[in-house]
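**Q** Structure incoming, see below.
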């Protein structure tokens, strides 16, 4: 089990902004899956996560579509525009929690952030 957090590398977000966006994605993913077997198993397994990079908005969209087509839980984070990026900017997505092999089928070619 794991949760993949994929952040856009083209936005020039600072470290704090990146951390906040990853946290938004993780919280959204867990809240969406609460009470489900996958979230329960992920919590028991110690909440494993991986943080990866997408090249740009098109890459992020393609990954979200591919993950959804594979039946994986997907949460796309859209920024409110209060700090470093314009309102409506898609910054990050969460894939999972789900089985690691299922997530790896979508994310295996991505670099670590």
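The values are calculated or read from the model by the stated rules, or taken from the named source; none is laboratory data. Keep in mind that what you see is a predicted model, and the values were worked out from it rather than measured. Ideal geometry is used to build each Cβ from the backbone, glycine not excepted, and the neighbour counts take in all protein chains shown.
**Q** Considering (1) assigned to a helix (DSSP H, G or I); (2) closer than 14 Å to residue 103 by Cβ, say which one residue 20 fails and leave the rest.
**A** Residue 20 satisfies every listed condition except (2).
**Q** Can I ask one more? Answer with yes or no whether residue 63 is buried (at least 21 other Cβ atoms within 10 Å of the Cβ), in a loop (DSSP other than H, G, I, E, B), at pLDDT 95 or above and in contact with a helix residue (DSSP H, G or I) (Cβ under 7 Å, 6 or more places away or on another chain).
**A** no
**Q** A follow-up question, please. Inside the stretch 51-60, can you point out the residues that are over 13 Å from residue 109 (Cβ atoms) and either surrounded by 15 or more Cβ atoms within 10 Å (Cβ to Cβ) or touching a strand residue (DSSP E or B) at 6+ places or on another chain (Cβ under 7 Å) (or both)?
**A** 51, 56, 57, 60
**Q** Still on this structure, please answer the following. Just checking, how many residues over the stretch 98-113 are loosely packed, with under 14 Cβ neighbours inside 10 Å, in contact with a strand residue (DSSP E or B) (Cβ under 8 Å, 6 or more places away or on another chain) and part of a loop (DSSP other than H, G, I, E, B)?
**A** The total comes to 1.
**Q** Here is a further query. What's the total number of residues in the stretch 66-97 that are under 23 Å from residue 19 (Cβ atoms), surrounded by 15 or more Cβ atoms within 10 Å (Cβ to Cβ) and in contact (Cβ under 8 Å) with a residue 24 or more places away in the chain? Write out each step before concluding.
**A** Here is the first cut: in the stretch 66-97, the ones under 23 Å from residue 19 (Cβ atoms) are 67, 73-97.
Subsequent filtering for residues that are surrounded by 15 or more Cβ atoms within 10 Å (Cβ to Cβ) retains 67, 73-77, 79, 84-85, 89-97.
Next cut, in contact (Cβ under 8 Å) with a residue 24 or more places away in the chain only: 67, 73, 75, 77, 79, 84-85, 89-97.
The qualifying residues number 16.
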